[in-house]
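For reference, the structure is listed below as C-alpha cells.
The values are calculated or read from the model by the stated rules, or taken from the named source; none is laboratory data. Given the structure is predicted, the values throughout are model-derived calculations rather than measurements. Heads up, the Cβs are rebuilt from the backbone with ideal geometry, glycines too, and the neighbour counts pull from every protein chain shown.
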Amino acid sequence: MRFIPFLALFIACAFQSQNSKQEKTIRGASGQNSIEIECEASEVSFERWGGSEHAATPIVTKIAIKQAGRGVGVPFSVYADLADPHEASVVKINSTTVRYVIVGSDAGGSYKCVIHVKAGLVVSRRVSDGEFPDNFFEETRYVSVPFKD
C-alpha cells in the first residue's frame with residue numbers, strides 16, 4: 001500500500017511528459033538580417049540531417065528569415081529534412097545577398113546548412129556533413145520564374 005502514491009505520481013509524470021511538446025527556438029542576426037528557427041521534439045520517422053529514427057529529436061518546423069528588415073518566403077524543402085539545430089548565424093555577402101547558416105547535431109550526425117538569399121528570394125541551400133563536408137552534401141537551387149497573364 002505504501003507504493004500506491006508513488007505509482008500514481010509516476011503514472012502522472014509519465015503521462016505529462018508524453019503529452020508535453022518540447023519546443024526550441026534558435027536565432028541569429030546581423031543588422032537588419034535575421035533568422036529564427038522553430039523546433040518541436042518528435043519521433044523522427046525518416047532520416048533527417050542531425051536526426052536519428054530511434055530518438056525524440058527536435059525537428060525544424062519553421063524558419064523565418066528577414067533580409068533588410070523584410071520577410072522572405074522560405075520553401076518547406078529548405079528545412080523539411082533538418083533536425084536538432086544548435087546555432088544560427090547571418091553573413092552579409094553584398095547589398096543584395098545574405099548567407100544564413102544553421103549548424104546542427106553533433107559527432108557523426110552533425111551538419112551545416114547554408115541558405116543563400118538574394119534580393120529577397122531564397123536562391124540556394126546546401127547541407128553538408130559536419131565531419132566530411134566536401135564528401136557528403138546535397139545542394140538545391142530555387143528559381144523564381146515570372147509569369148504573364
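Data overview
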item	result
Within region 14-45, considering residues that are assigned to a loop (DSSP other than H, G, I, E, B) and at pLDDT 80 or above, the one surrounded by the fewest Cβ atoms within 10 Å (Cβ to Cβ)	Gly31
Whichever residue in region 133-149 is more than 18 Å from Ile63 (Cβ to Cβ) and either within 19 Å of the chain's Cα centre (by Cα) or among the aromatic types (Phe, Trp, Tyr) (or both) and, among such residues, is surrounded by the fewest Cβ atoms within 10 Å (Cβ to Cβ)	Phe147
Matching entry among Gly73, Gly130, Gly108, Gly104 (being over 27 Å from Gln32 (Cβ atoms), within 17 Å of the chain's Cα centre (by Cα) and among the small types (Gly, Ala, Ser))	Gly130
Residue that is surrounded by the fewest Cβ atoms within 10 Å (Cβ to Cβ), among those in region 67-117 that are assigned to a loop (DSSP other than H, G, I, E, B) and either at positive phi or in contact (Cβ under 8 Å) with a residue 60 or more places away in the chain (or both)	Gly69
